[in-house]
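Asker: Dumping the structure here so I can ask a few things about it.
What follows draws every value from the coordinates through simple rules; no lab data is involved. It should be emphasised that the depicted structure is a prediction, and the values quoted were computed from it without experimental measurement. Methodologically, a virtual Cβ is constructed for each residue, glycine included, from the backbone with ideal geometry; neighbour enumeration extends over all protein chains shown.
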Amino acid sequence: MAMLGISFVTMLVAFDQTVVGTALPTIVAELRGFELYAWVATSYLLTSVITVPIFGRLGDYFGRKPFVIASIVVFTAASVLCGAANSMMFLVIARALQGIGGGILVGTAFACIPDLFPDSVVRLRWQVLMSSAFGIANAIGPSLGGFLTQYYGWRSAFYVNLPVGLLSLVFVWRYLPHVRHIKARGKIRLDWPGSLLIAVALGSLQMLVESLSQHGVTAGVAALAVLAAASGVALWKWEQRAEQPILPLDMFANRSLAALFVLSILCGYSMFSLIFYAPLLLQGGFGLSPKDAGVLITPLVVFITIGSIVNGRIVTRIRRPNAMLYIGCALLALACVGTAAATRAMPHTILMGLMMLAGIGLGFVLPNLTVFAQETSGREHLGIATALLQSLRMIGGMFGAAVTGTLITHLYSRGVRDALTSANATAWWHTMRDPQILVNRDAQDTLLASLAHAGQNGAALLEQARVSLVTAIHMGIAVAAVIAVVALWRCASVPHVSITRRSEPVPVAE
């Protein structure tokens, strides 16, 4: 019953990633603010990245159950606020609050599984239940997001979290045991300076990525770079002498953990680039409806689960479990290359096949990163190692969403400006500079009427805008493909990990 509660929590996270991703192009088209498109994703990732390691460590100290409960409440309430957003800025702020809840949830809920099942072989078998829950949410998420957006409005894509959140709250409250691993000598002193430095370092790093790509080198960007570097160095120095560090630096001296952390960043970059911008390619670039785009994206998230289940059956039976990392990264790279070359005329079965390859690849990589890290971290650092792995994946995703989004914005704007200049139609630059025009059918009709009245070929200009958007997204996904190839190369740096049975008793629940 406790695992069932954790599975519902997993569904809560999966619904948010898949339903909202499909609805996002329509959301931006209605709220009008494509310049904040990436921030809808990165604001969530930023606050998640900050809170995951903090609460992962607090879960080691105080037990995870109170934080899992708090995360469900915050996440569900923030989902309601997202659904009530009346502007892009409001939505970005609500998503940041949702990210806090999601970060606490990821930092604590996923570490509950080794609490319940110390034996890694048994744990892999039980993770089939969790993978199934993730798969159910992923299977219906993109299609549900497209269906809700098309027939009930995009706000319903956020409200769907409410019943799942309430259900998960009931099960976690009732059945999840309260387990603590660290019995501290004397009073536990929370490392609040370390927590603050983590927030400043990661927050300034995110702002630096966004500002540098949008505005180039300016005084403000230079100040952010200095702040990110200074806070990073201060964090490193402080954690070396902290009595109870929020971020134990000895984990980074572990060769296996350090290699897994790097892989998590690289895979997060490619994963989030696909999840957030493949829907925009299908809807804005290829002109598909939200529902049809959701159907094509579904294999990506469904086969993450199927790949995880297949991986669980294989990885404990082969002599070199690390081979699964190589296969997974190779499949992910292949899927990114195929997506970067996709055209509107490409059969939908091939597009779905590419999404399937990406999903299987991630299904082979993501669970193994977690299990390998838990095998090598030791029980005292189990929570923070699991949380840090998730957090670094989000950092990779944060960079992926920001860099890819900025690249798309610049390339699309340049292509549209050139097309309008050639047609002597620069008066419509303000209307067409935002790719939301390619998703919003009503806005397109108004634009076409305006262009026709002025004697312009509006259909040709819109088609050139679509070509510019497709080219821009292709470039962004191509970069994600390169990152996936780098991840494949870095698999060689992961030392051999043996998944063996262990007779360690389950800690006594309080």
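Asker: Can you go through 109, 96, 23 and tell me which one is over 20 Å from residue 272 (Cα atoms) and either touching a residue at least 24 places away in the same chain (Cβ under 8 Å) or surrounded by fewer than 24 Cβ atoms within 10 Å (Cβ to Cβ) (or both)? Before you say what the answer is, go through the steps one by one.
Answerer: On the way: 96 fails: over 20 Å from residue 272 (Cα atoms); 23 fails: over 20 Å from residue 272 (Cα atoms).
Among 109, 96, 23, only 109 is over 20 Å from residue 272 (Cα atoms) and either touching a residue at least 24 places away in the same chain (Cβ under 8 Å) or surrounded by fewer than 24 Cβ atoms within 10 Å (Cβ to Cβ) (or both).
Asker: Turning to a different aspect of this structure: Would you call residue 466 surrounded by 24 or more Cβ atoms within 10 Å (Cβ to Cβ), basic (Lys, Arg) and either under 31 Å from the mean Cα position of the chain (by Cα) or under 25 Å from residue 27 (Cβ atoms) (or both)?
Answerer: Values: surrounded by 24 or more Cβ atoms within 10 Å (Cβ to Cβ): no; basic (Lys, Arg): yes; either under 31 Å from the mean Cα position of the chain (by Cα) or under 25 Å from residue 27 (Cβ atoms) (or both): yes.
When the stated conditions are applied, residue 466 does not pass them.
Asker: Of the numbered conditions (1) assigned to a helix (DSSP H, G or I); (2) closer than 28 Å to residue 487 by Cα; (3) without any contact (Cβ under 8 Å) to a residue 40 or more places away in the chain, residue 259 fails exactly one; give the number of that condition.
Answerer: (3)
Asker: OK, next. For residue 266, which of the numbered conditions (1) buried (at least 18 other Cβ atoms within 10 Å of the Cβ); (2) on the phi > 0 side of the Ramachandran plot fails to hold?
Answerer: Every listed condition holds for residue 266 apart from (2).
Asker: Can you name every residue in segment 79-93 that is surrounded by 24 or more Cβ atoms within 10 Å (Cβ to Cβ) and either among the aliphatic types (A, V, I, L, M) or without any contact (Cβ under 8 Å) to a residue 40 or more places away in the chain (or both)?
Answerer: From segment 79-93, those surrounded by 24 or more Cβ atoms within 10 Å (Cβ to Cβ) are 79, 82, 91; that's our starting set.
Within segment 79-93, 91 is the sole residue that qualifies.
Asker: Still on this structure, please answer the following. Among helices (runs of 4 or more DSSP H) lying entirely in segment 374-455, which contain 3 or more residues that are without any contact (Cβ under 8 Å) to a residue 24 or more places away in the chain and more than 22 Å from residue 25 (Cβ to Cβ)? Give the derivation first.
Answerer: Numbers: elements: 382-422, 429-432, 441-453.
Answer list for segment 374-455: 382-422, 441-453.
Asker: Given the condition surrounded by fewer than 18 Cβ atoms within 10 Å (Cβ to Cβ) and either touching a strand residue (DSSP E or B) at 6+ places or on another chain (Cβ under 7 Å) or within 29 Å of residue 206 (Cα to Cα) (or both), answer yes or no: does some residue in segment 419-428 qualify? Show your work before the answer.
Answerer: Going residue by residue through segment 419-428, those that are surrounded by fewer than 18 Cβ atoms within 10 Å (Cβ to Cβ) are 421-424, 426-427.
Then drop every residue that is not either touching a strand residue (DSSP E or B) at 6+ places or on another chain (Cβ under 7 Å) or within 29 Å of residue 206 (Cα to Cα) (or both), which leaves none.
There is no residue in segment 419-428 that is surrounded by fewer than 18 Cβ atoms within 10 Å (Cβ to Cβ) and either touching a strand residue (DSSP E or B) at 6+ places or on another chain (Cβ under 7 Å) or within 29 Å of residue 206 (Cα to Cα) (or both).
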